[in-house]
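Before any comments, here is the structure.
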Amino acid sequence: MTDITLRPATLEDIPILQHWDEQPHVIAASGEDDEWEWEEEIAKDSPYVELFIAMLGDHPIGMVQIIDPANEETHYWGEVEQDLRAIDIWIGEADDLGKGYGAQMMNLAFDHCFSNPKVTAIIIDPLITNTDAIRFYKRLGFKFVEYRTFGEDECMVMRLERKN
């Protein structure tokens, strides 16, 4: 299996990110109303938000966003404890699904998050209709926390604790 790497997203990635946003499997995973303002997201210099492009060799295959949910500017997660990270992930093309790339991307994201010794856990919020993602996250060790509505999206909040 070819190794996946993560690199910071750049403004040059906007066309591929916009293309991925239009893919049926991405829409199904993120919700119909999930609109990303990529130029703004990539250009802002926030210490609380990191955007990565997952690379298979020199070919971009997905995106990973890691945020500090207690401190990021939109307060999407509401009131949460300090020292958490939240991850959004997707693979851009349907042909790249089911090949183990998502697990590699998540493990790289875990390593990145937990490289900060203060980070105690990672949270995620898959749509409750996204049963494949929920099964995937459970296999990676995430545990159910609660059902929660974000905007109009019914989600399952899940959490992965730091291993000591």
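The values are calculated or read from the model by the stated rules, or taken from the named source; none is laboratory data. On a predicted model such as this, the values are computed, not experimentally measured, just so you know. Virtual Cβ from ideal backbone geometry, glycine too; neighbours counted across all protein chains shown. Quick note on the areas: whole protein, heavy atoms, side chains included, nothing else; ligands and nucleic acids left out. Shrake-Rupley method; radii C 1.70, N 1.55, O 1.52, S 1.80 Å.
Could you do me a favour and compute the accessible area per residue for the chain, 1.4 Å probe, result in Å²? Spell out each step's value before the answer.
Values: 9210 Å² over 164 residues.
Ligands and nucleic acids excluded, the result is 56 Å² per residue.
Bridging of Lys44 to aspartates and glutamates at a Cα separation below 13 Å is possible for Glu72, Glu73, once same-chain residues fewer than 8 apart are set aside. The phi torsions of the stretch 43-52, fed into the Karplus equation with coefficients 6.51, -1.76 and 1.60 and a -60° offset, translate into couplings of 6, 5, 10, 9, x, 10, 9, 10, 10, 10 Hz, rounded to whole numbers, with Gly and Pro shown as x. Put simply, the amide H of Cys155, placed in the peptide plane, has neighbours under 5 Å in Ile128, Arg148, Thr149, Phe150, leaving out anything fewer than 5 places away on its chain. Only helical runs count toward this figure. For the chain, summing -39,500 (n - 2.57) over DSSP H runs of n ≥ 4 and dividing by all residues gives -7500 deg cm²/dmol at 222 nm.
Per-peptide packing, taken as the mean over residues of other Cβ atoms within 10 Å, places 108-114, 13-19, 147-153 in the sequence 108-114, 13-19, 147-153 from highest down.
Across the stretch 140-149, coupling constants 3J(HN,Hα) worked out from phi with the 6.51/-1.76/1.60 Karplus curve, θ = phi - 60°, read 7, x, 5, 10, 5, 10, 6, 8, 8, 9 Hz, and Gly and Pro carry x. The length gained on full extension between Glu93 and Asp111, counted as 0.36 nm times the residue separation minus their Cα-Cα distance, comes to 4.0 nm. Each label point was placed 7 Å from the Cα along the Cα-to-Cβ direction; for Phe136 and Arg7 their separation is 2.3 nm.
Gln82 to Arg162: FRET efficiency via 1/(1 + (r/R0)^6), r the Cβ-Cβ distance, R0 22 Å, to the nearest 0.05?
Rounded to the nearest 0.05, the efficiency is 0.95.
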